[in-house]
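Below is one structure, written out as structure tokens; comments come after it.
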Amino acid sequence: MTVTLIDETHFKGLPISPGVALARTCLLRQANHEDVPDYRVAGEGVEQERSRLTEAIAAVGEHLEGLKATVAERVGQAEAEIFGVQRMILRDPALDGRLLEAIDDGYNAESAVLRTFEQYEARLRELDSHYHAERASDLGEVKRRLLDHLCDTKPRFQCGHIPECQRGRQRIIITEELTPALALELGTGEILGIVTERGGPTSHAAILARALGIPAVSGIPHIHDLVACGTETIVDGDTGEVTVWPSDVAVARVGPTVPAEPLAVPEPVESLAVMANINLAAEVKTVRRMKAEGIGLYRTEMEFFAAGRLLDEDEQADRYARVLKAMDSQPVYFRLLDLGGDKPSPLFEFPAEENPSLGLRGTRYLLSRPDLLRTQARALARASRHATVHVMYPMVVGVDQFRRARRLFLEATAGLRKGDIRHGPMFEVPAAVFEAPELLAEADFASIGSNDLVQYLFAVDRNNENVAHDYSPDRPVFWRVLGDLVRAAREAGCPLSICGELASEPAYTRRLLALGVRTVSVSPRLIPGVRLAAGATPEQRR
């Protein structure tokens, strides 16, 4: 039963893309595939269904290639890989074989797609990890695309008779679950905000929303049935709050949120060095365009995920060298493979664990797989012939673990011709914070990974909407921890930077500066906002 709200009402969801938007709503319904055609075929009907399926796979594949190219050009290579992964699924010969086998067993094309994909999705969800949940989401998206093509259906606005809602222009989109393709296809400059019933911060739609600069909140059950089309609404992607029919006071606090013309990228400021986070070597062009002062976090495991296989020493060395040369002597910080927890992968061997987030993760996992660490160490050493390499050790729990991992790195690279290589831990585990003086005394540099540090400090799964309210970097105890680390680094004479969502939010920039932080690393497209916040005058900050 649908109940329409008419008074100011507040909802609390998960903040998945920062920013605030004030606009009227458009309600978007996904195509309903619960009643797809389901019938049996035989004889010539089998060949007809095979042809229909083959044509659908080809058409969807071509569309995905187009989306990938568009996103690479307009947003970035890392975000484009969202569609590359879906394209790889379509090319999987085992999956194609199962689909055709279902048709040979007498099912029509739609039924074959539904049955086969649901089997695959169920198996992945049984593995109970964020990584496998995302892969199940990828499968679900490919399934939806195939069924949309076969059934000639597509998502539609319930209020499509209103001109502004035909493409969501200057509106806040409310939907059950936003797909990354739909976020893109609706237009980068037309959507003001997004509210969904399902989907977490690591979903592909969330990643794309952040890259496009669209404020978004998820995890509000039944909101699609509670809000009417055209309802004035405030979406706060910083806090996760959604206000329906806001009061005049609430509206005045928000002010106008119509997207402005893109600003010129501001020049670096003296008070704060702003570096970039990247996933892939191909993102360096964007980094240079945003005038980053280096790469503060290169998530090297993403190169493996994008390739869909293990990369050998030569392939890794080539990617790392390309980044170093493209950055033209600016610093580049390479995070060693950060695997486990919410980032397991079929590419790597992981034991079954009751609680992966407290199991083999980061440096702990690398020490259990010295073959992976040795190969990456040699690749980084070879790349260091072109420029200084900064090696970041993820999820370090203490000084002994840091020593062991660094020793393994040095042993693996002994005898190689190499340049300057520096080593530093990432502070993400509370135990490491208590050993900060000892760690910093042995390190060439250090970095604070704020996302995991908040998560482990407060024992909260940041992707779980039931406890997300406890995931807050605003708590005084967290800032005491940051202050302790900054002071310890200063006393040790060890350079310290911060990466993670905290560094990316301009609202925290001045607070970090006051604490003594002088280097942050953020998504390339967030550099202008952070830099402006760092250089703003007191009058501009009011």
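The values are calculated or read from the model by the stated rules, or taken from the named source; none is laboratory data. Every value quoted in this text rests on a predicted model; they were computed, and no experiment measured them. Reconstructed Cβ throughout: ideal geometry from the backbone, glycine too, with neighbour counts over all protein chains shown.
Looking at the range 466-511, which of its residues are touching a residue at least 40 places away in the same chain (Cβ under 8 Å), of a type in the set (A, V, I, L, M) and part of a helix (DSSP H, G or I)?
Those that are touching a residue at least 40 places away in the same chain (Cβ under 8 Å), of a type in the set (A, V, I, L, M) and part of a helix (DSSP H, G or I): ALA468, VAL481, LEU485, ALA488, ALA489, ALA492, LEU502, ALA503, ALA507.
Can you tell me which residues in the range 227-273 are within 26 Å of the chain's Cα centre (by Cα), surrounded by fewer than 19 Cβ atoms within 10 Å (Cβ to Cβ) and modelled with pLDDT of 85 or more?
GLU241, PRO268
If we scan the range 413-430, do we find a residue that is assigned to a helix (DSSP H, G or I), more than 23 Å from the chain's Cα centre (by Cα) and of a type in the set (A, V, I, L, M)?
no
Are there any pairs, at least 6 apart or on different chains, whose C-beta atoms fall under 6 Å, with the first in the range 359-380 and at negative phi and the second modelled with pLDDT under 95 and among the acidic types (Asp, Glu), and if so, which?
Qualifying pairs under 6 Å: GLY359/GLU353.
Somewhere in the range 473-496, is a residue surrounded by 23 or more Cβ atoms within 10 Å (Cβ to Cβ) and not aliphatic (A, V, I, L, M)?
No: the range 473-496 contains no residue that is surrounded by 23 or more Cβ atoms within 10 Å (Cβ to Cβ) and not aliphatic (A, V, I, L, M).
Could you figure out which of (1) surrounded by fewer than 23 Cβ atoms within 10 Å (Cβ to Cβ); (2) within 20 Å of the chain's Cα centre (by Cα); (3) under 22 Å from TYR393 (Cβ atoms) isn't true of LYS285?
Tallying (1) surrounded by fewer than 23 Cβ atoms within 10 Å (Cβ to Cβ); (2) within 20 Å of the chain's Cα centre (by Cα); (3) under 22 Å from TYR393 (Cβ atoms), LYS285 fails exactly one: (3).
Mind listing whichever residues of the range 143-175 are closer than 30 Å to ILE57 by Cα and either modelled with pLDDT under 85 or of a type in the set (S, T, N, Q) (or both)?
Across the range 143-175, the qualifying residues are ASP152, THR153, LYS154, PRO155, ARG156, PHE157, GLN158, GLY160, GLN166, ARG167, GLY168, THR175.
Could we say that ASP338 is of a type in the set (D, E, K, R), crowded, with 19+ Cβ neighbours inside 10 Å and not in a strand (DSSP E or B) here?
yes
Mind checking whether some residue in the range 24-40 is closer than 28 Å to VAL235 by Cβ, among the hydroxyl-bearing types (Ser, Thr, Tyr), at pLDDT 75 or above and assigned by TED's automatic domain parsing to the domain that holds GLU141?
No, the range 24-40 has no match at all.
When the residues of the range 41-58 are narrowed to those that are loosely packed, with under 14 Cβ neighbours inside 10 Å and assigned to a helix (DSSP H, G or I), which ends up modelled with the lowest pLDDT?
Checked the range 41-58; the qualifying residue modelled with the lowest pLDDT is GLU44.
Hey, among the residues in the range 376-412 that are assigned to a helix (DSSP H, G or I) and farther than 18 Å from ALA443 by Cβ, which one's farthest from the chain's Cα centre (by Cα)?
The extreme case among them is GLU411.
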